[in-house]
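What follows is a single structure, written as structure tokens, with notes after it.
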Amino acid sequence: MEKILVVRFGTIGDSIFASAFFREIRKNLPQAQIDVLSDKVSTGVIKHCPYIDNIIEINPDKKYQNFKKYLMIFKNYDTVYFLKNDKFFTSLAFLAGVKRRIGFDIRRNKFLTQKSPYNEDRHEVDCYLDLLSVSGLKIEDKKTEVWTDEESEEKVKQLISSPGKKVLIQAYSRFLQKNWIDTYWADVIKFLSDEMGMQVYYSGGAKDADAYNNLNSLLGEVKIPPIDLSGKLSVSESIALVKNMDLVIGIDSCSVHMAAALDIPTILIHGATSLKRWRPRSEKCVVLSKFFHCSPCCLQSGRKKYCKNKTSKCMLALKATDVINTLKTMYKIDKKNVEAPKVSIVVPVYNVERYLARCLDSILSQTMADIEIICVNDGSTDESPTILEEFAKRDSRIVIVSQENQGLSAARNVGIDIAKGEYISFIDSDDWVAPNFIEKLYETAIKNNADISACGIIRCRKHYKIPLLVYDKSVVTANYNKKLELADIPTYCYVWNKLYRKEALQNSNIRFETGRIYEDVLFTPHILYYTKVFATVPDTNYYYFRHKNTIVKTQNKKSRQDYAYAMTELKEFFKDKKVNVSAWETRVKKLKFIGLTIFKTITKRNIKKHVLFNFIKWENEEINNDN
């Protein structure tokens with residue numbers, strides 16, 4: 001009989017993730033003896049695991065003092081799996097003559113016979129199961145599990161005998177970057193107690209008791225006072241407690257991971273840790289998170305700790321209303337009629353996992369609530385679909401449409417076809433919008449009976465922002481040439497800083513041409529021609545984010561061909577409609593010396609710019625185009 005030792009000690013959460021490893025190794029090796037070398041914390045999680053034969057409890061802080069004892073233990077095994085990166089124990093297994101020593105390929109692990117890559121952007125469960133794969137074992141299921149016993153369940157039932165729905169809150173962590181704001185917690189608890197009639201229980205360690213007392217002082221009077229169970233339960237009893245909850249709300253903590261393993265509905269208030277590595281694996285878990293370029297930082301090696309030892313800015317960005325709105329969606333409280341929203345927002349999505357959350361956050365933060373958000377997943381192969389599902393759990397206004405990859409134009413056309421709103425907006429999934437973006441565009445369109453309203457554009461890079469298009473006042477026109485001038489066509493043929501009356505789109509029968517990029521170069525001038533009233537909107541902006549994978553930055557033969565095609569078609573369209581092409585063309589005259597541009601003039605519409613040595617500019621000169 002093969003004897004296997006698994007080295008796994010450390011946090012409760014990582015020990016829960018290891019449950020999938022224990023189940024799958026037992027499936028593959030039903031006759032083997034599987035023992036676990038574990039500390040007190042990890043033992044609390046796995047003590048009732050049905051896939052383990054024996055647990056050998058150790059004190060990692062005294063491992064060097066017990067060198068001989070541990071050496072003799074290792075001599076009894078044929079194979080050792082290291083689910084914990086540790087130089088001491090991997091070296092010990094080598095000295096003990098263990099034939100197969102399997103672990104992660106990192107510097108701390110010594111003398112391994114088989115190695116698996118250790119990627120911090122890969123989920124912890126997958127990393128553990130990779131160790132089985134490299135040793136030739138088959139993986140069938142990646143679901144996590146937790147286990148408890150009858151004694152623990154009986155004790156918990158006596159503690160939570162109150163009637164009604166029950167919710168468990170774990171608000172605190174020893175890693176301060178994970179913690180949320182007490183005043184936000186107080187608002188959420190008041191809503192749970194006074195509006196939803198739920199009994200709130202506090203979970204955590206004994207050290208959290210003072211923090212919960214302070215939280216209670218902020219609550220004031222509530223209909224159902226919370227019950228503090230922090231520090232009063234063992235790990236097994238905590239599992240039994242979670243098992244008896246209707247809902248769990250918490251920061252990245254053991255209670256959240258227990259709930260995910262038990263398929264209990266959960267709201268994770270997430271900040272500084274890596275979702276790719278530690279996301280709870282449950283479809284019933286809603287993750288609330290805000291996008292920041294510096295995330296993740298907590299527990300990630302080699303990352304700058306911008307928010308070390310304090311509440312992180314990504315946690316500060318999450319408000320109590322984010323949790324309360326999620327609760328309303330989950331429990332269908334005050335659910336608005338979204339059959340005929342005022343505005344439909346179409347968001348094409350393709351492999352934008354780094355930017356999608358920021359985009360959706362800006363849409364969900366709109367001051368105008370009567371909207372629907374149509375997210376068209378255009379065959380994404382990254383984590384974008386998962387992020388969409390998370391946001392859809394948070395807000396019932398989000399509609400997800402999935403299709404095979406057909407391109408940006410096809411995704412937008414699908415959105416137009418299913419939109420229910422009176423007006424339609426297009427927002428690219430790597431961009432974002434001001435909080436009053438939809439409200440300002442809609443109010444201006446309604447006030448002026450406009451078919452299209454348009455706002456300013458700010459181009460953004462990682463470290464700076466540049467205004468591209470600025471409107472100081474609202475201008476309303478039905479004149480096509482004036483529309484072109486106000487929209488700055490063809491320089492900025494963008495579709496996404498505008499709001500379109502859906503009826504006008506349907507009547508014009510204009511759609512985005514599929515199979516090409518620069519599709520908006522044709523769409524925008526055409527729709528401006530076939531609609532009537534156009535209005536500009538000051539005091540709000542669309543934020544256009546340029547990054548290395550932005551379509552228009554990707555220069556290749558196809559992009560050049562598509563641009564040439566679009567400009568040729570546009571010129572033909574203007575010629576057919578008798579539009580004065582010279583009024584919008586940009587004309588450049590250069591004075592060169594030995595191949596270097598010394599002086600140039602740039603003429604566009606009625607403005608002439610003068611530039612010396614390509615960077616010295618001076619006051620623009622207004623000219624008369626009629627001359």
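Summary of computed values
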{"read-out": "Accessible area in square angstrom per residue, the chain, 1.4 angstrom probe", "value": "47"}
{"read-out": "Gain upon complete extension [ASP263, VAL134; 0.36 nm per residue less C-alpha separation]", "value": "43.5 nm"}
{"read-out": "Violating pairs (Cα-Cα greater than 25 angstrom) within the set LYS142/LYS328; LYS482/LYS557; LYS178/LYS284; LYS166/LYS190", "value": "LYS142/LYS328; LYS482/LYS557"}
{"read-out": "DSSP bridge pairs, the chain: antiparallel proportion in percent, nearest 5", "value": "35"}
{"read-out": "Mean Cβ count within 10 Å, highest first, over the residues of peptides 489-495, 15-21, 60-66", "value": "15-21, 489-495, 60-66"}
{"read-out": "Estimated FRET transfer efficiency (GLU443, SER365; beta-carbon r; R0 25 Å; 0.05)", "value": "0.90"}
{"read-out": "In nm, spacing of pseudo-spin labels at ASN54 and MET330 (7 Å Cα→C-beta vector)", "value": "4.3"}
{"read-out": "Stretch gain in nm, segment ASP576-SER559, where the contour uses 0.36 nm per residue and the Cα spacing is subtracted", "value": "3.6 nm"}
{"read-out": "Cross-link reach list, aspartates and glutamates versus LYS87, counting only Cα pairs under 13 Å and skipping chain neighbours closer than eight places", "value": "ASP105"}
{"read-out": "Extended-chain gain in nm, criterion 0.36 nm per residue less alpha-carbon gap, ARG122 and LYS420", "value": "103.4 nm"}
{"read-out": "Peptides 44-56, 415-427 ordered by average Cβ neighbours within 10 Å, highest first", "value": "415-427, 44-56"}
{"read-out": "Listed candidates [x] 25.7, 83; [y] 30.2, 99; [z] 27.5, 98 - label of the one calculated as Rg and Dmax of the Cα atoms in Å", "value": "[y]"}
{"read-out": "D_trans [Stokes-Einstein, Kirkwood Rh over alpha-carbon pairs] for region 154-264, 20 °C, 1.002 mPa s, µm² s⁻¹", "value": "153"}
{"read-out": "The chain, relative contact order in percent, only Cα pairs under 8 angstrom and at least six apart counted", "value": "8"}
{"read-out": "Accessible surface of the chain, 1.4 Å probe, proportion on carbon and sulfur as whole %", "value": "49"}
{"read-out": "Cross-link table LYS313/LYS393; LYS447/LYS502; LYS40/LYS75; LYS342/LYS440; LYS465/LYS600, entries beyond 21 Å C-alpha to C-alpha", "value": "LYS313/LYS393; LYS40/LYS75; LYS465/LYS600"}
{"read-out": "Ranked by how many other beta carbons lie within 10 Å on average, peptides 250-262, 82-94 from highest", "value": "250-262, 82-94"}
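The values are calculated or read from the model by the stated rules, or taken from the named source; none is laboratory data. All of these numbers come straight from a predicted model, not from anything done at the bench. All Cβ positions, even for glycine, are placed from backbone atoms using ideal geometry, and neighbour counts span all protein chains on display. Each accessible area value is taken on the protein alone, full model and side chains, heavy atoms only, with ligands, DNA and RNA left out. Shrake-Rupley method; radii C 1.70, N 1.55, O 1.52, S 1.80 Å.
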